[in-house]
Amino acid sequence: MIDVPAILALHETAVARWHENEIDNPYEGFLRLVCDQHQQNFRLWHQEDIARSPSVTDAEMAAVKRAIDKLNQHRNDLIERLDDFLIAELGTAHVEPETTAPLNTETPGSAIDRLSIISLRLYHMAEQAGRRDTTAEHVAKANARLGILHEQRRDLSNSLGELLSDIFAGRKRLKVYRQFKMYNDPTMNPYLYAAKTESKV
């Protein structure tokens, strides 16, 4: 069974550590995949910050956009790998879903991705709540949002725990939903394959 509190702890401690030190991954097994996926969200967050800076040049913006596309592709690939890992675990444990077991609207991998993003929001919102160079209203707004974010993390992590319990008890089925992102595929993105054709002319 997957330890949801361990996932939450990984997300929280890694975000804090990576703001002070190099990005690392000291974990094993499923948590190693969780950390790999979390890294993509961490890198995406900071690339998105750069993209919104008014001082970024057009050339820099193009480089940031390409970086965001690659990171987002890898992020989505890793969501699928989290679910693939769980399906392999179910096979190893010889768990067969009940005949009438329903699918969930969200897979565990997608929920873990959302929890990763919430951990980033919590870290950066706490920074805003701790500022001393702004107004009391700004700090109060950040603190109010922190409360909401903590509630959202509790709700989502509890739901993930229930979903995993249902899946490993056979009460729900797990199926990987492939996202088939097309924008980075030179055979699927018309701008990429058209450019390749034009270069041969």
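Values quoted throughout were computed directly from the atomic coordinates according to the rules given, and no laboratory measurement underlies them. Everything numeric here is computed off the predicted structure, so don't read it as measured data. Heads up, the Cβs are rebuilt from the backbone with ideal geometry, glycines too, and the neighbour counts pull from every protein chain shown.
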How high is the relative contact order of the chain, given as a whole-number percent (alpha carbon pairs under 8 Å, six or more residues apart)?
26 percent
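Within the range 4-188, how many Lys pairs sit with Cα atoms under 29 Å apart, leaving out pairs fewer than 8 places apart on the same chain?
Details: K65/K181; K70/K175; K70/K181; K172/K181.
Here the count comes out as 4.
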Segments 86-94, 51-59 sorted - mean Cβ within 10 Å per residue, highest first
86-94, 51-59
Diffusion coefficient in µm²/s returned for the range 60-171 by Stokes-Einstein, Kirkwood Rh over C-alpha pairs, 4 °C and 1.567 mPa s, is 77 µm²/s
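Whats the longest run of the chain with zero chymotrypsin sites (Phe, Trp or Tyr not before Pro) that are DSSP loop and have at most 16 other Cβ atoms within 10 Å? Could the numbers behind the result be given before it?
Values: sites that count: Y27, Y177, F180, Y183.
It runs 28-176.
Given the chain, report the % of alpha carbon pairs whose separation exceeds 30 Å.
Values: 6971 of 20100 pairs.
The share of Cα pairs beyond 30 Å in the chain comes to 35 percent.
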Starting from the Cα coordinates of the range 5-110, work out the convex hull volume and express it per residue in Å³.
128 Å³
Distance from the Cα centre of the range 56-92 to that of the range 15-30, in angstrom?
17 Å
